[in-house]
Amino acid sequence: MEFLLSAGNDHDSVHAVELLEKVRIRGSAVLADRAYGARAIREDISAHGASYVIPPKSNVSDPWPVLWAG
């Protein structure tokens, strides 16, 4: 488990990649809400051998599939 304190006016997703770098996620499924669906975050998760379950925002032009139940 890792914690990262940030300024109150920073959105959590700004620090997502930095925080994920501190834990081993290979082989895991990272669960997050729509706010964490930025391409950089999803690519970082994939690059570290993990999958993600992050629904796309409704205004995304090229939404990705989400497997809600396995």
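Just to verify a result, which residue in the range 51-70, among those that are assigned to a loop (DSSP other than H, G, I, E, B) and small (G, A, S), is surrounded by the fewest Cβ atoms within 10 Å (Cβ to Cβ)?
A69
Give the residue, chosen from D62, D44, that is modelled with pLDDT under 95 and of a type in the set (D, E).
Sole residue among the options that is modelled with pLDDT under 95 and of a type in the set (D, E): D62.
Quick one: is A47 closer than 20 Å to E2 by Cβ and without any contact (Cβ under 8 Å) to a residue 24 or more places away in the chain?
For A47, the condition - closer than 20 Å to E2 by Cβ and without any contact (Cβ under 8 Å) to a residue 24 or more places away in the chain - is met.
Keeping to the range 18-32, report how many residues are assigned to a helix (DSSP H, G or I) and buried (at least 17 other Cβ atoms within 10 Å of the Cβ).
1
Within the range 25-41, track down each residue that is of a type in the set (D, E, K, R), at pLDDT below 95 and farther than 18 Å from W68 by Cα.
R39
Among the residues of the range 1-13, which ones are surrounded by 12 or more Cβ atoms within 10 Å (Cβ to Cβ) and free of Cβ contacts under 8 Å to residues at least 12 places away in the same chain?
The answer is S6, and nothing else.
Name the residues in the range 33-50 that are open to solvent by 60 Å² or more (accessible area, probe 1.4 Å) and outside any loop (DSSP other than H, G, I, E, B), would you?
Of everything in the range 33-50, those that are open to solvent by 60 Å² or more (accessible area, probe 1.4 Å) and outside any loop (DSSP other than H, G, I, E, B) turn out to be R34, R39, A40, E43, S46, A47.
The values are calculated or read from the model by the stated rules, or taken from the named source; none is laboratory data. Predicted model only: the values in this text are computed from it and were never measured. Glycine also receives a Cβ, built like all others from the backbone with ideal geometry; neighbour counts cover every protein chain displayed. The accessibility values were calculated without ligands, DNA or RNA, using every heavy atom of the protein model including side chains. Shrake-Rupley method; radii C 1.70, N 1.55, O 1.52, S 1.80 Å.
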